[in-house]
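Peer 1: Right, I'll just put the structure down here and ask away after.
The values are calculated or read from the model by the stated rules, or taken from the named source; none is laboratory data. Quick caveat, the model's predicted, so the values are computed rather than measured. Positions of Cβ are backbone-derived with ideal geometry, glycine not excepted, and every protein chain shown enters the neighbour counts.
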Amino acid sequence: MTLIKSISGIRGTIGGESGNNLTPIEAIKFGCAYGCWLKKNISKEKLSVVIGRDARISGEMIQNFVQNSLISIGINVIDIGLSTTPTVELMVTELMADGGIIITASHNPTEWNALKLLDKNGEFLDNSSGKEIISISEADDFIFSEVFDLGTIIKKEGAMKSHIESVLNLELVNVEKIKSKKLKIVVDAVNSTGGIIVPDFLKALNIEVVKLYCEPNGDFPHNPEPLKKNLTALCKKVVEEKADLGIAVDPDVDRLVFVCENGEIFGEENTLVACSDYVLSKTPGSTVSNLSSSRALGDVTQKHNQLHFYSAVGEVNVVSKMKECNAVIGGEGNGGVIYPESHYGRDAIVGIGLFLSLFAERGLKASQLLDGYPKYFMLKEKINLSSGINVDKILDQIAEKYKNEKVDLIDGVRIDFSESWVQLRKSNTEPIIRIYSEAKTKDTATNLIKEIETLIKKIIN
């Protein structure tokens, strides 16, 4: 059983002892801490916070505890009910709220849940704000409102419908072109809220939808992370239905993966690549991805004679870098597309709109579209270390070893070679080093990881 506090919120498994898991006590304390932080930083007579949740079994319970903690300290709650992470982000600004909370553990299994915290711009909190909220929660010295100063709960219907309309209204989403193609798409929404919003969005584009795991009951039929190994049923269904595409999203609909008409995975890394290819063909500008994402985005950006930049891992870091270099699109290689013309948050609905516009415009099958993008093989491994080992020292020595190559120290150590790269990152919660490699061939990527593993063992011994 686990409880993890981070700058973006609190995440843990449901049940068990308080202090070690996400229990009602933790939900209340963290809700109060977030509310106190808002009151400290925003001078306003009555604050309001938008709250939505994915379809997890524990979602309504956790939402009730969080909402009541906020109204107990005098903050109004706008309850949008079953929702998605990007929907809540959009609603914070649309409803002119002072913050937002999404009750979701994203791609984690059923027994997990979490509170994702947003600022008044509908964006994830920065490092200092997150640390301040953790500190407030641990101090546990809240002052609650008297009876006539309590907050209220206002239920707001139609948030996901507003989200859909906002994406349909984006200039680069070619609604009429997509409608004219009369596509057929299979949707795997892992029985969460994507099962509501994705089919509704596709139907608005005159698309025939075949639903697979679209009942928002929180009963995940497979591991909810949208990776190839978890999407075998979707791949099979696309071929059986003779569909044009398959679409998979995670439980809170901020990650997006496509499946080609032949049942082949388009690839989570290629979601951002394809969407960026389309945006760059219409709008010149820079792109951003995190250091653990594929080099393919840089290749495609260069093809359009634009500049690509890397950020540290984490959505808040990607967004910060995008603002710094005024990027027209960015995101993460896990299928997370961030398009500033909509909002600064990973959004699968925006990603679907951009991808389908590209798909309809190019007039190619998905497999043909995929063949046109750079081919890389990415591997992800980890090395378990004994407690007490100085991980920073290991990373420093590896950086020194490869000092004649292009070395980036923004987030761990990333070493770029002519046709490959490797990155090492330490975990903040476990004694491990994560190793990512990417190359033109699987053998090269494998050998690169083996080379680093051998070097780490020599350093330790």
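Peer 1: Of all residues in the stretch 325-361, which are charged (D, E, K, R) and out of contact with any strand residue (DSSP E or B) (no Cβ under 6 Å at 6 or more places or on another chain)?
Peer 2: Matches in the stretch 325-361: 341, 347, 361.
Peer 1: Considering the stretch 362-375 alone, what residues qualify as being surrounded by 15 or more Cβ atoms within 10 Å (Cβ to Cβ) and either part of a helix (DSSP H, G or I) or of a type outside the set (D, E, K, R) (or both)?
Peer 2: Here is the first cut: in the stretch 362-375, the residues surrounded by 15 or more Cβ atoms within 10 Å (Cβ to Cβ) are 362, 365-366, 369-370, 373-374.
362, 366, 369, 370, 373, 374 - these are the residues of the stretch 362-375 that are surrounded by 15 or more Cβ atoms within 10 Å (Cβ to Cβ) and either part of a helix (DSSP H, G or I) or of a type outside the set (D, E, K, R) (or both).
Peer 1: Only one of (1) of a type outside the set (Ser, Thr, Tyr); (2) closer than 22 Å to residue 85 by Cα; (3) surrounded by fewer than 20 Cβ atoms within 10 Å (Cβ to Cβ) is not met by residue 324, so which one is it?
Peer 2: Condition not satisfied by residue 324: (2).
Peer 1: What's the number of the only condition in (1) among the β-branched types (Val, Ile, Thr); (2) surrounded by fewer than 17 Cβ atoms within 10 Å (Cβ to Cβ); (3) at pLDDT 95 or above that residue 78 fails to meet?
Peer 2: Exception for residue 78: condition (2).
Peer 1: Kindly indicate whether any position in the stretch 34-51 is within 23 Å of residue 249 (Cα to Cα) and either touching a residue at least 24 places away in the same chain (Cβ under 8 Å) or among the aromatic types (Phe, Trp, Tyr) (or both).
Peer 2: Yes, the stretch 34-51 contains a residue that is within 23 Å of residue 249 (Cα to Cα) and either touching a residue at least 24 places away in the same chain (Cβ under 8 Å) or among the aromatic types (Phe, Trp, Tyr) (or both).
Conditions (1) hydrophobic (A, V, I, L, M, F, W, C); (2) under 27 Å from residue 280 (Cα atoms), marked per residue:
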residue: 114; (1), (2): yes, no
residue: 117; (1), (2): yes, no
residue: 134; (1), (2): yes, no
residue: 151; (1), (2): no, no
residue: 157; (1), (2): no, no
residue: 162; (1), (2): no, yes
residue: 176; (1), (2): no, yes
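Peer 1: Related question: So which of 117, 150, 172 is outside the structural domain of residue 237 (by TED's automatic domain parsing), touching a residue at least 24 places away in the same chain (Cβ under 8 Å) and within 24 Å of residue 315 (Cβ to Cβ)?
Peer 2: Numbers: 150 fails: within 24 Å of residue 315 (Cβ to Cβ); 172 fails: outside the structural domain of residue 237 (by TED's automatic domain parsing).
Of the residues listed, the single one that is outside the structural domain of residue 237 (by TED's automatic domain parsing), touching a residue at least 24 places away in the same chain (Cβ under 8 Å) and within 24 Å of residue 315 (Cβ to Cβ) is 117.
Peer 1: While we're here: Looking at this structure, is residue 351 closer than 17 Å to residue 283 by Cβ, in a strand (DSSP E or B), modelled with pLDDT of 95 or more and not hydroxyl-bearing (Ser, Thr, Tyr)?
Peer 2: No: the conditions fail for residue 351.
Peer 1: Oh, and also: Output the residue which, of all residues in the stretch 22-43 that are farther than 15 Å from residue 68 by Cβ and surrounded by fewer than 18 Cβ atoms within 10 Å (Cβ to Cβ), is modelled with the lowest pLDDT.
Peer 2: The extreme case among them is 43.
Peer 1: Checking the condition assigned by TED's automatic domain parsing to the domain that holds residue 79, assigned to a helix (DSSP H, G or I), polar (S, T, N, Q) and more than 14 Å from residue 8 (Cβ to Cβ), which residue from 129, 135 passes?
Peer 2: Checking each option against the conditions leaves just 135.
Peer 1: Does residue 341 fit the bill of being assigned to a helix (DSSP H, G or I) and more than 21 Å from residue 258 (Cα to Cα)?
Peer 2: Against the criterion (assigned to a helix (DSSP H, G or I) and more than 21 Å from residue 258 (Cα to Cα)), residue 341 does not qualify.
Peer 1: Taking only the stretch 219-265 into account, find how many residues are crowded, with 24+ Cβ neighbours inside 10 Å and under 17 Å from the mean Cα position of the chain (by Cα).
Peer 2: Residues meeting the conditions: 14.
Peer 1: Would you confirm whether or not the stretch 31-53 contains a residue that is in contact with an Asp or Glu (Cβ under 8 Å, 6 or more places away or on another chain) and in a helix (DSSP H, G or I)?
Peer 2: Looking for residues that are in contact with an Asp or Glu (Cβ under 8 Å, 6 or more places away or on another chain) and in a helix (DSSP H, G or I), one finds at least one in the stretch 31-53, hence yes.
Peer 1: Next question, about the same structure. Specify the residue that is surrounded by the fewest Cβ atoms within 10 Å (Cβ to Cβ); the eligible residues are those in the stretch 1-21 that are out of contact with any strand residue (DSSP E or B) (no Cβ under 7 Å at 6 or more places or on another chain) and in a strand (DSSP E or B).
Peer 2: Among them, the one singled out is 18.
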